[in-house]
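Please treat every number below as a calculation from the coordinates, not as lab data. Just so it is clear, the model here is predicted, and its values are computed rather than measured. FYI the Cβ positions are ideal-geometry reconstructions off the backbone, even for glycines, and counts take in every protein chain you see.
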Amino acid sequence: METISSTTLKLHSPLPTHRLAGRVALITGGAGKIGIETAGRFLREGANVVLVDNNASALEAALNVLREAVFSGELVCSRLLTIKAEVTDETQVEECVKESVKQFKRLDVAFLNAGTGTVVGSEESACWETGLEEFERVMRGNVRSAFLCLKHVAAAMRDLGNGGSIILTSSVAGLHGSPGHIAYSASKFALRGLALTAAEELGPYGIRVNTIHPSRVETPMFRNSCSREKMEELRAAIPLGRCAQVDDVASVVDFLASEDSKFMTGGFLKIDGGSVPF
């Protein structure tokens with residue numbers, strides 16, 4: 001039996017508390033609940049953050065919230081950049097990445113969180129009832145946007161030569177069939193294909209690519225769109241007995257952004273309370 005004489009850790013030293021110190025992280029869909037929660041976590045971990053969203057007023061509101069996460073004595077503008085952009089437009093995506101690198105001189109993390117779903121309050125529709133317009137809307141919002149951001153972020157990280165971590169927001173709908181939501185499920189499965197291929201292509205440059213797969217996240221919009229009975233039905237189907245919260249997602253993204261996940265790429269992490277049993 002091999003004798004263990006040491007570990008890779010300096011056991012007499014505390015673990016680092018600011019795991020992202022000196023890093024730069026770009027978040028698309030940055031003015032949404034998950035984007036803001038993750039940005040706050042990144043800032044507290046020491047990262048500089050770029051928030052990208054197509055809603056200018058929501059970005060302004062996010063900036064006001066995130067001021068609290070900036071360390072005392074630091075200027076908000078030195079840690080946080082907001083960019084209004086449409087991430088389904090390649091020119092705007094390319095400019096976002098260039099502006100981020102120009103502002104902070106590096107790019108280490110990209111959380112590709114922008115996306116769309118079915119229209120709140122809309123009826124489920126079988127595959128033969130789903131219109132081409134709806135299918136193309138969902139694919140554009142979820143797949144085209146992720147592809148364009150992945151393309152330009154990957155090129156920037158490769159050229160900068162510091163490695164990096166790219167995280168794509170998929171869904172549990174990207175792990176199993178979702179009757180009534182064929183366009184959404186197809187789009188979320190497609191993100192796994194993007195991530196798996198990019199992980200192999202970018203590995204030699206030290207760039208990792210992974211997907212996260214949350215179940216329904218309990219936000220005010222989600223609660224307002226569901227009856228009380230439906231909410232109880234959804235919670236009952238989850239072994240942990242509750243829906244996901246935004247911090248459940250942000251904490252996993254933070255892990256994938258940090259060196260704690262440095263040997264993970266091409267992977268998928270469920271954030272589902274055990275509702276998908278594999």
Quick one: helix 56-66 against the long Cα principal axis of the chain, what's the angle to the nearest 10°, folded into 0 to 90?
50 degrees
Residues CYS149, CYS243, sorted so that the one with the fewest Cβ neighbours within 10 Å comes first:
CYS243, CYS149
What FRET efficiency comes out for ASP159 versus ARG228 if R0 is 45 angstrom and r is the Cβ-Cβ distance? Round to the nearest 0.05.
0.30
Can you list residues from other chains, or at least 5 along the same chain, whose modelled amide H is less than 5 Å from the amide H of ILE271?
HIS213, SER215
For Cα pairs less than 8 Å apart in space and 6+ apart in sequence, what is the mean separation divided by the residue count of the stretch 1-112, i.e. the relative contact order in percent?
29 percent
Short version: ³J(HN,Hα) in whole Hz for each residue of the stretch 209-219, in order, from phi by Karplus 6.51 cos²θ - 1.76 cosθ + 1.60 (θ = phi - 60°), x for Gly and Pro, what are they?
9, 9, 10, 10, 10, x, 7, 4, 9, 7, 10
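Sort 155-167, 65-77 by packing, meaning the average of other beta carbons within 10 Å per residue, with the highest value first.
155-167, 65-77
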Ranked on Cβ counts within 10 Å of their own Cβ, fewest leading, LYS102, LYS151 go LYS102, LYS151
Each residue of the stretch 176-192 in turn: what ³J(HN,Hα) in whole Hz from Karplus with 6.51, -1.76, 1.60 and θ = phi - 60°, glycine and Pro shown as x?
8, x, 10, x, x, 9, 5, 5, 5, 4, 4, 5, 6, 5, 4, 5, 5
With runs of 4+ DSSP H residues as the only contributors, calculate the mean residue ellipticity of the chain at 222 nm using -39,500 (n - 2.57) per run, divided by the residue total and rounded to the nearest 500.
-12500 deg cm²/dmol
Just need the relative contact order of the chain here, percent rounded to a whole number, with Cα pairs under 8 Å and 6+ apart.
18 percent
Amide H of ALA110: which non-local residues (sequence gap of 5 or more, or other chain) have their own amide H closer than 5 Å, using H built in the peptide plane?
LEU26, SER165, ILE166, ILE167
